[in-house]
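The values are calculated or read from the model by the stated rules, or taken from the named source; none is laboratory data. Keep in mind the model is a prediction, meaning the values are calculated, not measured. Here the Cβ positions follow ideal geometry from the backbone for every residue, glycine too, while neighbour counts run over all protein chains shown.
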Amino acid sequence: MNSVDYQNINPTTIVIFGGSGDLNKRKLIPALYNLYIDRYLPEQFHIIGLGRTEFSDEEFRKVLEEGVNDFSRRKADNGSWEEFREHISYHVSNVKDLESYKEVVGLVKQKEEEWGAKEPNRLFYLSVSPSLFEPIAINLGRAEACNDPNRTRIVVEKPFGHDLKTAHSLNRLLTKIFTEKQIYRIDHYLGKETVQNILTFRFTNALFEPIWNRNYIDHVQITVSETVGVGTRGGYYEGSGALRDMVQNHVLQLVAMISMEPPISLNADEIRNKKAEVIRAMRKYTPEEVDNHAVRGQYGSGWIKGEEVIGYRDAEGVAEDSNTETYAAAKFFIDNWRWQDVPFYVRTGKRMADKTTAITIQLKSAPHRAFVSNGKINQDPNRIVINIQPEMGMKIRFQAKRPGVSQIVNPVEMIFDYDEAYDAPTPEAYETLLLDAVAGNASLFMRADQVEAAWEVVMPILEAWEKAPITDYPSYDAGSWGPKAADKLLAQNGHRWFNPPARNVLETVIEDKYNESKAGVINLHTYNEVNDLSQCAAELFASKAQEAVEKYGRFTVCLSGGSSSKAMYEMLAKEPLASTVPWKSVYAFWGDERGVPMDHADSNAGMAMNALLRHVPIPEDQIFPMQGGLRADVAALQYEEVLQRFFQGRSPRFDLVWLGMGGDGHTLSVFPGVSISQKEMTWVKEVFVPKLDSYRITLTPQLVNQAHSVAFIAYGEGKAEALKHVLEGPYEPNQYPAQLIRPTHGEVHWFVDNEAASSIAKKSDEG
């Protein structure tokens, strides 16, 4: 970011207030250790940890070694760590005692004299509670520790004040003792590699720079979501909330990076000037405008990655009637020439569906849509997505014509992924920021006017919320994407939130014999009578539904068509089984569909509706049939969108998938000779079946393989040969597609009669 010479840094002493604390152990020392290994630290350097805990140097170093082994991207190996630890010492200190500071200054001077350093650097890092900033700053001034403005620096961790008034007071205090040039206000988000790359992306690529304005960009979205709750920090969080904790600093800094004007140079002040300008240009709302431009929420209990979690009000240190928001969303505008009337939507929250930080730039639609699909215009506007964490990279979404004679277009993506593009490991944010602080590069650190300008943006919202306590908390379930009011915030302008796509959605299978697969448990159930088979299959359905609702709060099931499943559906629709299924919490989907509308006799969805769903109390809006009456490619795209919305961008992992198998070994609508790549990340496909001379739509086997449980029904002599090959034969999925179904982490049940199982070497004895 700057022309700083990182290879020739002067001898440096780093003094860490709060040296015995968690931040030093988890972040600071691991970062400095990695900088040491990469030879960025000067040859002559020393780290002095200050704290109230009684430690010897050796005890302190041992604690830090544990931190490196637990939290660093590199472990404390014998060679490098043994060298690095000799640069560390510990000093018991009282932050309110001037004599302690004089002792520390004496230790620093002693090191500088040992080195014979003419222009040594001094870095004082305040890894302490904000309540201690004032006494530390005052005593550093009294002890004359920071008199050289060119060689001494003080690093201050957020929060930078509790509101505009306290932020102003803190800045006034610091600038009385130090020059602004010496003050490094650290925000670890700005040290993330992808954040730093925003300016490079914007200002070095002629492909993007000309369109980065209100003429081409429709709106911008910034999401900073966490799956964690407040844990044991409820007491602290009660005095903060999402708006203070995340929006005022992290989120508004991302807004500034995305929207700032081009800097003349990479000089630190030039970059910070541009960021301050754009934050000052952000529209400030009147109290009457806040309700239409900002939303708050608080999480209740729910499910995160299969585990039930408590609500915010049940956390340690949180009041039973707490009014603290754990979610905040806002619509901001930047009143300048470049961005006038372009909405910037931001949201952040705890206990959300996924952990992600992403910036989405939605471009305006093409002025004329010439490519129209039957039944649907499928031309989403172009989109640029910058993923900051946990993935690091960028995506450009644009339209491309599908192969074939038709003029159908659909969105595709070009992806830049850091891990794939570069062999070198990506440094942690604190590595970048600490190196910049040691080297004297303030580009990524916040200046006083930036901090206060950001407070000016959020203060009207904070004040309005404090005057109007919420009565409907909790307003969103843990594991969701936030309160419904946040969706309405965007809907006012015809927009919707872009939830992050599922990560690691589909996995390829191992090409070995089916019965040797490591994919999960295979349960073979054989019966003399088809009626008994159907009864037991229906009982499995009911038990899986009960289990899922108890564990996850809902049951997602994927139904099949075909005559084999019909008898089982009819049994589920009748007592005694009907009342054992918690239908109010059941969500029904389909695995495949023929190219016919639902009222057609051949419709898979129509059969399941008539045999089962119209006879049980499942809510109508929890039924998601495939649209077989549309053109297959259009229907496939639509159903993938249905899955994206329902599963909120995450991997659709069904609780149970029901399947049949044909006498030719086909399942879903994957027939012998119909090729579906096992590596592509598609959820729904249209397929042409030559022997039927028709198009169908189907879930991909890769998606089905994410299910918790899969159950097949197959009976009759005509299924015997295919069943034997699927279960015991060599892996030939092109000839026997049912072999493609092998859940990655789930179980498989086969419900078959004795005729279908007649050729299998080893059968169960259930029937």
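Does at least one position in the stretch 242-250 carry a residue that is under 23 Å from E277 (Cα atoms), among the hydrophobic types (A, V, I, L, M, F, W, C) and not assigned by TED's automatic domain parsing to the domain that holds A268?
Looking for residues that are under 23 Å from E277 (Cα atoms), among the hydrophobic types (A, V, I, L, M, F, W, C) and not assigned by TED's automatic domain parsing to the domain that holds A268, one finds none in the stretch 242-250, hence no.
Looking at E82, E119, which is the one that is part of a helix (DSSP H, G or I) and either charged (D, E, K, R) or buried (at least 20 other Cβ atoms within 10 Å of the Cβ) (or both)?
It is E82.
How many residues does the stretch 185-240 hold that are assigned to a loop (DSSP other than H, G, I, E, B) and polar (S, T, N, Q)?
Within the stretch 185-240, residues that are assigned to a loop (DSSP other than H, G, I, E, B) and polar (S, T, N, Q) number 7.
Mind listing whichever residues of the stretch 612-628 are in contact with a helix residue (DSSP H, G or I) (Cβ under 8 Å, 6 or more places away or on another chain) and surrounded by fewer than 19 Cβ atoms within 10 Å (Cβ to Cβ)?
Listed by number, the residues that qualify are H615, V616, P617, P619, I623, F624.
From the list I304, I271, I310, exactly one residue is in contact with a helix residue (DSSP H, G or I) (Cβ under 9 Å, 6 or more places away or on another chain) and at negative phi. Which is it?
Exactly one of I304, I271, I310 is in contact with a helix residue (DSSP H, G or I) (Cβ under 9 Å, 6 or more places away or on another chain) and at negative phi, namely I271.
Between A545, A538, A588, A605, which is modelled with pLDDT of 90 or more, assigned to a helix (DSSP H, G or I) and touching a Leu at 6+ places or on another chain (Cβ under 7 Å)?
Going through A545, A538, A588, A605 in turn, just one is modelled with pLDDT of 90 or more, assigned to a helix (DSSP H, G or I) and touching a Leu at 6+ places or on another chain (Cβ under 7 Å): A538.
Tally the residues that are of a type in the set (G, A, S) and in contact (Cβ under 8 Å) with a residue 12 or more places away in the chain, restricting the search to the stretch 101-128.
2
So for the stretch 694-713 (the condition being hydroxyl-bearing (S, T, Y) and within 25 Å of L533 (Cα to Cα)), does at least one residue qualify?
Looking for residues that are hydroxyl-bearing (S, T, Y) and within 25 Å of L533 (Cα to Cα), one finds at least one in the stretch 694-713, hence yes.
Here are some conditions: (1) at pLDDT 95 or above; (2) part of a loop (DSSP other than H, G, I, E, B); (3) within 26 Å of the chain's Cα centre (by Cα); (4) not hydrophobic (A, V, I, L, M, F, W, C). K331 meets all but one. Which one does it not meet?
Here K331 clears every test but (2).
Would you say E680 is within 29 Å of Y736 (Cβ to Cβ), among the charged types (D, E, K, R) and modelled with pLDDT under 85?
Yes, satisfied.
Of all residues in the stretch 559-581, count the ones that are in contact (Cβ under 8 Å) with a residue 60 or more places away in the chain and either more than 15 Å from N531 (Cβ to Cβ) or in a strand (DSSP E or B) (or both).
The number of residues fulfilling the criteria is 4.
Across the stretch 292-310, what is the number of residues that are surrounded by 15 or more Cβ atoms within 10 Å (Cβ to Cβ) and either part of a helix (DSSP H, G or I) or modelled with pLDDT of 95 or more (or both)?
The number of residues fulfilling the criteria is 7.
Just give me the residues in the stretch 97-116 being in a loop (DSSP other than H, G, I, E, B) and surrounded by fewer than 12 Cβ atoms within 10 Å (Cβ to Cβ), in sequence order.
G116
Can you pull out every residue in the stretch 414-472 that is charged (D, E, K, R), assigned to a helix (DSSP H, G or I) and either buried (at least 23 other Cβ atoms within 10 Å of the Cβ) or at pLDDT 90 or above (or both)?
Correct list: E431, D436, D449, E452, E456, E463, E466, K467.
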